[in-house]
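J.: Sharing a structure with you now.
The values are calculated or read from the model by the stated rules, or taken from the named source; none is laboratory data. Note that the structure is predicted; figures quoted are calculated from it, not measured. With ideal geometry, Cβ positions are generated from the backbone for all residues, glycine too; neighbour counts draw on all protein chains shown. Quick note on the areas: whole protein, heavy atoms, side chains included, nothing else; ligands and nucleic acids left out. Shrake-Rupley method; radii C 1.70, N 1.55, O 1.52, S 1.80 Å.
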Amino acid sequence: MKSKHTIILTVINTVGVLTRVTGLLAQRGYNIESTIAAPTENPNIYKIILVVEGSAQNIEQVTKQLNKLIDTLKVTDISHDNNFIVREYIILKVNVTKKTRSEVLELLEVFSARPLDVSQSHIIMELSGRAKKIDRLIELLKPYGINEYVRSGEFAMTEYDM
Amino acid sequence: MKGAEILIDALIKEGVDTIFGYPGGVLIPVFDVLFSTKEINFILPRHEQGAAHAADGYARATGKTGVCLVTSGPGATNAITGIATAKLDSTPMVIISGQVSTKLIGTDAFQEADMLGLTRSICKHNCMVTDVKDLPRTIKEAFHIANTGRPGPVSIDLPVDVSNADFPDYKYPETIELPGYKPVIKGNKKQIQKLADAINIAKRPLLYTGGGIISSSASDNLLQLVEKTNIPVATTLMGLGSIPYNHPYYLGMPGMHGFAAANYSFTECDLLIAVGCRFDDRITGPLNTFVTQAKVAHIDIDPAEIGKNIHTEIPVVGDAKLVLEKLVDIVKERKPNAWNERVTELKEKFKLTYNQDENEKILPQYIIDSINKFIPDDAIVVTDVGQHQMWSAQFINHKHPRSFLSSGGLGTMGFGLPAAMGAAVGQPNKMVVNICGDGGFQMNIQELATCAINNIPVKSIILNNTYLGMVRQWQDLFWEKKYSQTCLKQDPSCPPGCTGPNGSCNKQYWPNFVKVAEANGVKGFRIESPSEINNVLEEAFKVDGPVVVEVLVDKLVNVFPMVPSGKKINEIIFGDEK
């Protein structure tokens with residue numbers, strides 16, 4: 001059975017390390033839903049957070065292969081772990097008219113989304129939260145006409161020390 | 001010290017005595033240093049692919065890390081097939097490719113190719129040195145990574161300005177710091193105990209061993225295990241030689257062209273103990289039909305191989321030698337039982353044979369079997385890829401590890417001659433025989449000159465059937481004999497629907513291998529009938545230097561037994577032979 005897995009990779013910050021990781025997944029036939037790579041508290045160490053779809057067996061193989069990369073320090077599949085915090089960030093531009101503006105702003109308030117730019121024709125907003133919450137907001141804003149949005153992909157951190 | 005000097009000094013400190021390589025613009029600083037380096041024997045193959053395969057052959061024959069030095073752009077891309085070949089067969093190799101100056105990288109400079117990007121998926125590790133201060137550490141790490149854990153090729157890209165840069169405080173590092181690379185060598189005690197327990201209660205255990213036995217020098221330990229437990233053994237193509245061919249419980253190679261006894265034993269066993277092998281599709285057939293009656297145990301140094309294709313009940317991550325040592329200690333002695341009788345019966349019943357009529361065309365099996373008579377016990381047999389490779393796996397008397405070198409994983413035609421050359425350079429006191437087909441021989445035929453000039457005494461036996469035989473065999477059996485582009489005598493005037501040689505085909509075959517050999521300064525021979533074999537082989541093997549023996553073999557012989565692609569491994573076609 002296929003399901004989405006969030007994998008946290010701790011890697012040494014070397015040239016091309018992200019290419020190695022994403023290339024390995026492509027080479028072995030896995031689709032990456034989202035990737036984030038960013039520095040950590042230690043400038044030599046990067047965290048890469050991947051969301052990949054696959055069966056449990058597929059994902060086990062992926063994590064083993066990722067572990068083999070010389071620059072990989074740690075690979076953790078946190079999908080079945082309740083002790084982790086996951087967030088995603090979105091910036092979205094929704095079309096509004098005089099009539100719908102206050103309705104949309106009300107909706108944003110319910111979601112604790114923050115308007116960044118309000119004009120005659122649109123509102124640009126930001127929101128961070130679980131992917132599901134973001135999906136829901138998008139769903140609710142669709143009828144007003146979504147002009148564009150950009151999502152960050154998932155960030156994650158376990159509550160315990162890894 | 002300049003980067004180029006540091007590189008050569010570092011290689012010498014790593015114990016490198018031989019480099020296979022080819023110069024080029026960005027490597028001139030390095031070759032300038034090599035000009036006056038006495039510690040390294042430099043071999044100049046005539047093509048970078050030859051250099052890469054030669055370094056590979058050297059590594060397979062000696063166990064040491066092979067070193068290949070090629071220039072940027074085309075030099076580097078020419079080496080790619082050799083790197084991928086080494087990766088698939090886990091050969092330790094360090095490939096150093098020149099690169100354009102760091103200031104020019106990314107500008108499509110002359111002879112620039114993105115070697116890092118190109119090799120990423122076909123090597124164990126790769127990197128580019130952009131600062132001369134990183135060079136010593138990089139070399140040290142490359143050799144460490146290449147020849148520890150599961151061995152493999154490591155590719156280093158070296159821009160020319162780094163070769164020219166000065167590093168006055170150069171000191172070769174003594175230690176390695178690779179926090180992300182810690183291969184598990186010692187097997188987990190509990191897991192080994194679990195495996196021993198499983199063997200103790202198994203009724204029909206079977207060992208299935210691969211190249212890992214050879215790379216970890218575990219042949220003796222494997223033999224000890226077999227002596228103590230009497231468990232029958234099947235050995236993959238990469239593992240041939242790890243157990244002597246005439247051992248009573250040796251079943252031969254399993255798989256698509258494997259011995260029927262081995263395949264049937266896989267189907268019947270109740271415990272499969274895999275060691276240093278990877279359940280390749282050429283061995284398993286459809287995965288859901290493979291060893292359905294057996295519990296599977298897998299010893300491998302690469303954790304990613306365990307459970308990759310086949311569900312494994314008893315995984316043991318570790319070096320084959322260390323794990324087997326421990327296993328031999330704790331496993332109970334096992335007396336031969338009905339299962340041993342059964343496999344012996346299978347072995348007897350499905351012995352590989354051939355029927356050579358002295359007045360007919362030479363059977364490829366016969367010429368390969370004949371080679372056994374003329375080669376010393378410690379000879380190294382190298383093959384190319386195709387039908388002759390399978391016949392060599394079947395009919396050569398494999399006696400020692402590192403004595404059968406073949407491109408198994410990637411199946412690289414053109415591997416044979418340069419790999420044999422590398423093996424002969426690495427093992428100058430052993431006879432090296434290169435068995436190949438007429439198709440593959442032409443893929444790196446230029447290395448004949450390298451052999452002649454350096455007096456590298458490779459004995460090449462070309463089985464010429466005028467076809468790309470293995471593909472022709474599939475066309476024969478599964479594609480209605482439509483020999484599309486597999487006849488090497490085909491010319492534009494051939495009838496479009498030709499289904500193979502018949503009385504009226506009087507086309508000329510090119511090239512004339514004997515003349516090609518002679519033109520390259522290599523003694524050439526031709527054998528056309530069975531009665532000539534003994535005399536010619538005897539004479540050829542006596543030559544003190546490289547030789548080419550072209551053997552005109554029966555054109556349409558197919559390799560059997562065969563398990564057609566997609567079939568279970570016990571659904572064997574036996575062909576004409578039993």
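J.: Just to check your reading of the model, which residue among B:I380, B:I368 is touching a Phe, Trp or Tyr at 6+ places or on another chain (Cβ under 6 Å), surrounded by 24 or more Cβ atoms within 10 Å (Cβ to Cβ) and within 20 Å of B:V547 (Cβ to Cβ)?
T.: Matching residue, one of B:I380, B:I368: B:I368.
Yes/no matrix, rows are residues, columns are (1) modelled with pLDDT of 95 or more; (2) open to solvent by 40 Å² or more (accessible area, probe 1.4 Å); (3) not assigned by TED's automatic domain parsing to the domain that holds B:I527; (4) not polar (S, T, N, Q):
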| site | (1), (2), (3), (4) |
| --- | --- |
| B:V425 | yes, no, no, yes |
| B:A452 | yes, no, no, yes |
| B:Y467 | yes, no, no, yes |
| B:E480 | no, yes, no, yes |
| B:S484 | no, yes, no, no |
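J.: OK, next. Go through segment A:55-162 and tell me which strands (runs of 3 or more DSSP E), entirely inside it, have 2 or more residues that are within 18 Å of A:T35 (Cα to Cα) and either in contact (Cβ under 8 Å) with a residue 24 or more places away in the chain or of a type in the set (V, I, T) (or both).
T.: Where strands (runs of 3 or more DSSP E) fall fully within segment A:55-162 and carry at least 2 residues being within 18 Å of A:T35 (Cα to Cα) and either in contact (Cβ under 8 Å) with a residue 24 or more places away in the chain or of a type in the set (V, I, T) (or both), they are A:72-77, A:84-95, A:122-129, A:146-151, A:155-158.
J.: Further question: What are the residues in segment B:185-201 that are buried (at least 16 other Cβ atoms within 10 Å of the Cβ) and under 32 Å from the mean Cα position of the chain (by Cα), if any?
T.: Across segment B:185-201, the qualifying residues are B:G187, B:Q191, B:I192, B:L195, B:A196, B:I199.
J.: Could I ask something else about it? Considering each of A:Y30, A:Y46 in turn, give the residue that is open to solvent by 30 Å² or more (accessible area, probe 1.4 Å), modelled with pLDDT under 90 and not assigned by TED's automatic domain parsing to the domain that holds A:L116.
T.: Details: A:Y46 fails: modelled with pLDDT under 90.
Checking each option against the conditions leaves just A:Y30.
J.: Go through segment B:66-99 and give me each residue that's among the β-branched types (V, I, T), closer than 23 Å to B:R278 by Cα and either open to solvent by less than 10 Å² (accessible area, probe 1.4 Å) or part of a loop (DSSP other than H, G, I, E, B) (or both).
T.: Correct list: B:I83, B:T85, B:T91.
J.: Since B:V458 meets every condition but one in (1) more than 20 Å from the chain's Cα centre (by Cα); (2) on the phi < 0 side of the Ramachandran plot; (3) not basic (K, R), which condition does it not meet?
T.: Unmet condition: (1).
J.: Just one of the numbered conditions (1) in a helix (DSSP H, G or I); (2) open to solvent by 50 Å² or more (accessible area, probe 1.4 Å); (3) within 26 Å of B:A424 (Cβ to Cβ) is not true of B:A55; which one?
T.: Answer for B:A55: the failing condition is (2).
J.: Can you pull out the residues in segment B:413-423 that are open to solvent by 10 Å² or more (accessible area, probe 1.4 Å) and either over 14 Å from B:I445 (Cβ atoms) or of a type outside the set (A, V, I, L, M) (or both)?
T.: Hits for segment B:413-423: nothing passes.
J.: Here's a follow-up. Anything in segment B:101-118 that is open to solvent by 30 Å² or more (accessible area, probe 1.4 Å) and more than 12 Å from every other protein chain (Cβ to nearest Cβ)? List them, or say none.
T.: Once the filter is applied, which keeps residues that are open to solvent by 30 Å² or more (accessible area, probe 1.4 Å) and more than 12 Å from every other protein chain (Cβ to nearest Cβ), segment B:101-118 yields B:K103, B:L104, B:G106, B:T107, B:D108, B:F110, B:Q111, B:E112.
J.: Right, here's the next one. Considering only residues that are farther than 30 Å from A:M125 by Cβ and more than 14 Å from chain B (Cβ to nearest Cβ), look in segment A:55-81 and name the one that is surrounded by the most Cβ atoms within 10 Å (Cβ to Cβ).
T.: Step one: filter segment A:55-81 for residues farther than 30 Å from A:M125 by Cβ, giving A:55-77, A:80-81.
Still in the list and also more than 14 Å from chain B (Cβ to nearest Cβ): A:76-77, A:80-81.
Values: A:T76: 16, A:D77: 18, A:H80: 8, A:D81: 13.
Applying the filter and picking the extreme gives A:D77.
J.: A:E33: on the phi < 0 side of the Ramachandran plot, away from chain B (no Cβ under 14 Å) and part of a loop (DSSP other than H, G, I, E, B), yes or no?
T.: Criteria not met by A:E33.
J.: Further, regarding this structure: Inspect all residues belonging to segment B:177-187 and state whether any of them is among the basic types (K, R) and within 14 Å of another protein chain (Cβ to nearest Cβ).
T.: Taking segment B:177-187 as the starting set, the residues that turn out to be among the basic types (K, R) are B:182, B:186.
Filter again for within 14 Å of another protein chain (Cβ to nearest Cβ), leaving B:182.
Yes: one or more hits.
J.: Out of curiosity, is B:S265 among the hydroxyl-bearing types (S, T, Y), under 21 Å from B:K203 (Cβ atoms) and crowded, with 23+ Cβ neighbours inside 10 Å?
T.: It is true that B:S265 is among the hydroxyl-bearing types (S, T, Y), under 21 Å from B:K203 (Cβ atoms) and crowded, with 23+ Cβ neighbours inside 10 Å.
J.: Now for a separate question. If you scan segment A:11-22, which residues turn out to be in contact with a Gly (Cβ under 9 Å, 6 or more places away or on another chain) and either surrounded by 15 or more Cβ atoms within 10 Å (Cβ to Cβ) or closer than 11 Å to A:I45 by Cβ (or both)?
T.: A:V11, A:I12, A:G16 - these are the residues of segment A:11-22 that are in contact with a Gly (Cβ under 9 Å, 6 or more places away or on another chain) and either surrounded by 15 or more Cβ atoms within 10 Å (Cβ to Cβ) or closer than 11 Å to A:I45 by Cβ (or both).
J.: Please enumerate the residues belonging to segment B:299-319 that are more than 11 Å from chain A (Cβ to nearest Cβ), open to solvent by less than 10 Å² (accessible area, probe 1.4 Å) and under 22 Å from the mean Cα position of the chain (by Cα).
T.: Of everything in segment B:299-319, just one residue is more than 11 Å from chain A (Cβ to nearest Cβ), open to solvent by less than 10 Å² (accessible area, probe 1.4 Å) and under 22 Å from the mean Cα position of the chain (by Cα), namely B:I299.
J.: Looking at segment B:119-141 only, could you name the residues that are facing chain A (nearest Cβ under 10 Å) and either assigned to a helix (DSSP H, G or I) or open to solvent by less than 50 Å² (accessible area, probe 1.4 Å) (or both)? Break it down into steps so the answer makes sense when it comes.
T.: The first filter runs over segment B:119-141 and keeps only residues facing chain A (nearest Cβ under 10 Å), leaving B:120-122, B:124-128, B:130, B:141.
Of everything in segment B:119-141, those that are facing chain A (nearest Cβ under 10 Å) and either assigned to a helix (DSSP H, G or I) or open to solvent by less than 50 Å² (accessible area, probe 1.4 Å) (or both) turn out to be B:R120, B:S121, B:I122, B:K124, B:H125, B:N126, B:C127, B:E141.
J.: Is it the case, given these coordinates, that A:I91 is open to solvent by 30 Å² or more (accessible area, probe 1.4 Å), at pLDDT 95 or above and within 14 Å of chain B (Cβ to nearest Cβ)?
T.: In short, no.
J.: Related question: Quick test for you: out of B:E333, B:E341, pick the one residue that is away from every other protein chain (no Cβ under 14 Å), out of contact with any strand residue (DSSP E or B) (no Cβ under 7 Å at 6 or more places or on another chain), outside any strand (DSSP E or B) and free of Cβ contacts under 8 Å to residues at least 12 places away in the same chain.
T.: Testing whether each residue is away from every other protein chain (no Cβ under 14 Å), out of contact with any strand residue (DSSP E or B) (no Cβ under 7 Å at 6 or more places or on another chain), outside any strand (DSSP E or B) and free of Cβ contacts under 8 Å to residues at least 12 places away in the same chain leaves just B:E341.
J.: Right, another one. Among the residues of segment B:206-213, is any touching a residue at least 40 places away in the same chain (Cβ under 8 Å), in contact with a strand residue (DSSP E or B) (Cβ under 8 Å, 6 or more places away or on another chain), under 30 Å from B:I139 (Cβ atoms) and not in a loop (DSSP other than H, G, I, E, B)?
T.: Taking every residue of segment B:206-213 in turn, at least one turns out to be touching a residue at least 40 places away in the same chain (Cβ under 8 Å), in contact with a strand residue (DSSP E or B) (Cβ under 8 Å, 6 or more places away or on another chain), under 30 Å from B:I139 (Cβ atoms) and not in a loop (DSSP other than H, G, I, E, B).
J.: Within the group B:P151, B:P244, B:P159, B:P248, which residue is open to solvent by less than 50 Å² (accessible area, probe 1.4 Å) and within 30 Å of B:Y264 (Cβ to Cβ)? Please lay out each step first, then the result.
T.: Working: B:P151 fails: within 30 Å of B:Y264 (Cβ to Cβ); B:P159 fails: within 30 Å of B:Y264 (Cβ to Cβ); B:P248 fails: open to solvent by less than 50 Å² (accessible area, probe 1.4 Å).
One residue alone meets the criteria, B:P244.
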